[in-house]
1. Can you find even one residue in the range B:59-73 that is closer than 27 Å to B:ARG142 by Cβ and within 12 Å of chain A (Cβ to nearest Cβ)?
2. Find the residue count for the range B:53-80, including only residues that are within 16 Å of ligand 1 (Cβ to nearest atom) and part of a helix (DSSP H, G or I).
3. Which one is nearest to ligand 1 (Cβ to nearest atom), of the residues in the range B:23-34 that are surrounded by 24 or more Cβ atoms within 10 Å (Cβ to Cβ) and either within 15 Å of the chain's Cα centre (by Cα) or not β-branched (Val, Ile, Thr) (or both)?
4. So which residues in the range B:140-199 are open to solvent by 60 Å² or more (accessible area, probe 1.4 Å), in a helix (DSSP H, G or I) and either within 16 Å of ligand 1 (Cβ to nearest atom) or of a type in the set (Lys, Arg) (or both), if there are any at all?
5. All but one of (1) among the charged types (D, E, K, R); (2) touching a Leu at 6+ places or on another chain (Cβ under 8 Å); (3) within 7 Å of chain B (Cβ to nearest Cβ) hold for A:GLU280, so report the exception by its number.
6. Could you say whether any residue in the range B:93-116 is closer than 20 Å to B:MET1 by Cβ, more than 9 Å from chain A (Cβ to nearest Cβ) and either among the hydrophobic types (A, V, I, L, M, F, W, C) or away from ligand 2 (no atom under 16 Å from the Cβ) (or both)?
7. I'm trying to understand the selection: among the residues of the range A:331-349, which are surrounded by fewer than 18 Cβ atoms within 10 Å (Cβ to Cβ) and more than 9 Å from every other protein chain (Cβ to nearest Cβ)?
8. If I ask for residues that are more than 6 Å from ligand 1 (Cβ to nearest atom) and either closer than 20 Å to B:GLY243 by Cβ or more than 12 Å from the chain's Cα centre (by Cα) (or both), which ones from the range B:37-52 would you list?
Amino acid sequence: MSTVEAPPSDLAPRVLSNDPGDHETPHGREEEWRFTPVAKLGDFFDAGQRGSVTAAPSEFVTMIPAEMESSTVEKAAHWVASDLPSALARTHATSVVSVAIPAEREVDDIVVVDLAGSEELNYGRIEISAGAFSKATVVLRLDMTTDVSGIVVTDVADQAALTVLALYDGPRTSRHVWQWATTVGRDASFLGLSIALGGSIIRLQQNVRYAGPGGSAELLGAFLASDEQFQEFRIFVDHNEPHCVSNVVFKGALSGAQAHTVWIGDVHVRREAVGIETYELNRNLLLNDGPRADSVPNLELETGDVVSAGHASATGRFDDEQLFYLQSRGITEELARQLVVRGFFVDVLDKVTDADLRRDVIRRIEERIGMEAIEQQLTEVDA
Amino acid sequence: MSTLQITDLHASVVTDAGETPILKGVDLTVESGRTQAVMGPNGSGKSTLAYVIAGHPKYTVTQGSITLDGEDVLDMSVDERARAGLFLAMQYPVEVPGVSVSNFLRTSATSIRGEAPKLRTWIGEVKEAMAGLQMDGAFAERNVNEGFSGGEKKRHEILQMSLLKPKIAILDETDSGLDVDALRVVSEGVNRFQEDSGAGVLLITHYTRILRYITPDVVNVFAGGRIVETGGPELAEVLESEGYERFADLTKA
Ligand SMILES: Nc1ncnc2c1ncn2[C@@H]1O[C@H](COP(=O)(O)OP(=O)(O)OP(=O)(O)O)[C@@H](O)[C@H]1O
Ligand SMILES: [Mg+2]
């Protein structure tokens with residue numbers, strides 16, 4: 001396995017290789033790992049007795065045996081492992097969950113992929129391809145009880161429109177380390193939604209690059225961390241083509257003294273990426289005292305010839321005035337809190353256009369906040 | 001018939017710097033069908049009085065009592081007070097991002113009435129109430145108070161009042177920030193509400209302007225955290241021409 005030359009940006013990974021031997025074991029002092037509790041992820045950094053992530057085959061989903069050679073999707077997406085966990089998963093996963101939407105196919109029903117693992121720790125390889133002019137919504141349900149170290153390689157071909165919603169809703173013991181790599185084709189659009197609710201540790205590296213001009217990538221996230229949960233979202237958008245759009249919006253609600261979330265938003269606009277639009281936002285809502293939310297937006301512009309480029313980041317306390325206002329209209333404190341939290345996430349959840357799916361996500365969020373009363377009451381309004 | 005009875009009310013604001021007494025012995029009775037005006041200079045404690053009645057957590061009552069038809073209001077949580085029949089139209093309504101007006105109104109009405117209003121009649125009810133305040137229907141899809149103009153916020157408060165039908169409504173400077181047309185529309189809304197429901201109104205204002213549209217039964221002058229003079233509507237005329245100057249020394253009390 002040859003080492004590919006790293007791109008010329010401080011934000012891009014330094015070592016690109018599928019060979020685990022080419023990657024250093026993270027110690028926690030490295031820039032990429034400095035927020036992560038690496039001590040709790042020791043088994044993610046060595047190759048032991050591991051299982052592979054699987055999914056039941058369906059019309060668009062197949063399980064294919066893993067091969068050393070780069071797959072068609074990996075080649076199309078220019079994907080090569082960029083750290084030790086991704087290289088281990090790439091090398092040792094025995095099979096690949098392949099979600100393939102044929103060209104020109106517009107899929108009305110949501111493609112639901114229920115992922116499962118067999119061992120305590122499982123390597124996951126997922127490949128998603130949306131053929132040219134296709135249109136589909138894929139939901140990856142990551143609510144397994146086991147730990148996963150995985151990669152999701154996605155290729156959105158020219159003029160395709162792909163939505164991928166990943167739902168991390170496993171028990172409070174499970175650990176997830178994922179690397180996503182998406183390539184957005186000419187005039188294609190990609191909407192990636194990360195809903196992180198469960199797990200003890202979730203670390204998600206999400207990379208986007210473009211394969212032609214006119215592509216649009218939206219990366220949205222809603223996360224809820226409580227008690228001792230750790231969640232880390234590292235975004236890297238490589239604006240390598242002209243006239244593309246990227247929009248990154250991550251919103252988190254934190255509660256409990258030990259909860260810790262990290263959001264790193266790296267956007268690199270290359271010299272050739274003229275006429276692009278990029279915006280990234282992270283907002284965190286602290287529901288009580290104690291939780292820690294780290295938020296680091298980072299915009300690197302090599303050209304001034306852009307339509308717009310901006311970022312924003314804010315972490316704030318739960319607003320008692322909002323509670324008072326709602327309560328003064330007869331709404332109980334519990335319901336008022338729920339309305340405020342739901343309202344906080346609304347711009348992300350509104351992007352889930354399928355009504356059933358949106359309701360499911362809202363219900364899961366509300367269950368996690370420990371409040372359920374409102375849904376029946378308001379379904380009539382939504383209807 | 002309902003009666004809100006405020007007796008010898010003392011209250012402090014709690015800040016990081018400590019407790020500052022603001023209300024210093026307020027006695028006031030608001031009854032169904034009647035309108036009590038409370039007028040006073042900036043900073044005299046009018047909003048504090050309104051907030052204390054509604055149960056804002058920043059204020060603590062150090063002495064005195066508030067009862068609604070004999071029930072101890074101070075013993076109730078903020079939402080219990082609203083469900084008991086109290087309503088506060090706020091001077092500075094709060095933005096609630098991501099919560100639409102229609103969702104908010106329906107959740108409030110459900111909470112106050114104890115059951116969700118039937119959807120069909122509810123939609124008609126909201127439409128009519130909005131039309132009465134000359135509010136555009138598109139308004140219902142906006143987020144609560146987010147990006148509302150001053151006038152829109154005040155109309156929205158009165159809209160809530162007419163839908164929630166409280167026994168006693170406290171209007172804290174509902175007139176401020178309104179141009180003449182809006183003031184007339186909002187005042188008519190208040191009058192209509194009171195005629196229809198027979199509610200009692202506590203009208204807090206700094207200016208006499210709104211009293212041309214809403215006729216108070218009693219005018220109270222508020223200064224230094226208490227009522228310093230009480231009279232009929234003619235007292236408002238005196239204040240109009242003389243201002244609050246002659247009460248200035250009382251503010252120190
Ligand atoms: N939350 C608070 N924190 C600090 N000080 C407060 C607070 N609320 C009221 N005060 C103080 O209490 C006093 C009375 O304020 P209040 O808002 O009740 O007056 P008001 O009569 O409503 O004034 P206005 O005519 O400007 O609305 C003022 O000195 C004000 O600064
Ligand atoms: Mg005031």
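1. Within the range B:59-73, not a single residue is closer than 27 Å to B:ARG142 by Cβ and within 12 Å of chain A (Cβ to nearest Cβ).
2. The total comes to 3.
3. B:LEU23
4. B:ARG184, B:ARG192 - these are the residues of the range B:140-199 that are open to solvent by 60 Å² or more (accessible area, probe 1.4 Å), in a helix (DSSP H, G or I) and either within 16 Å of ligand 1 (Cβ to nearest atom) or of a type in the set (Lys, Arg) (or both).
5. (3) is the only condition that A:GLU280 fails.
6. No.
7. Once the filter is applied, which keeps residues that are surrounded by fewer than 18 Cβ atoms within 10 Å (Cβ to Cβ) and more than 9 Å from every other protein chain (Cβ to nearest Cβ), the range A:331-349 yields only A:GLU334.
8. Residues satisfying the conditions are B:ALA37, B:VAL38, B:MET39, B:PRO41.
The values are calculated or read from the model by the stated rules, or taken from the named source; none is laboratory data. Note that this is a predicted model, so its numbers are computed, not measured. Ideal geometry is used to build each Cβ from the backbone, glycine not excepted, and the neighbour counts take in all protein chains shown. Surface accessibility is based on the protein's heavy atoms, side chains included, excluding ligands, DNA and RNA. Shrake-Rupley method; radii C 1.70, N 1.55, O 1.52, S 1.80 Å.
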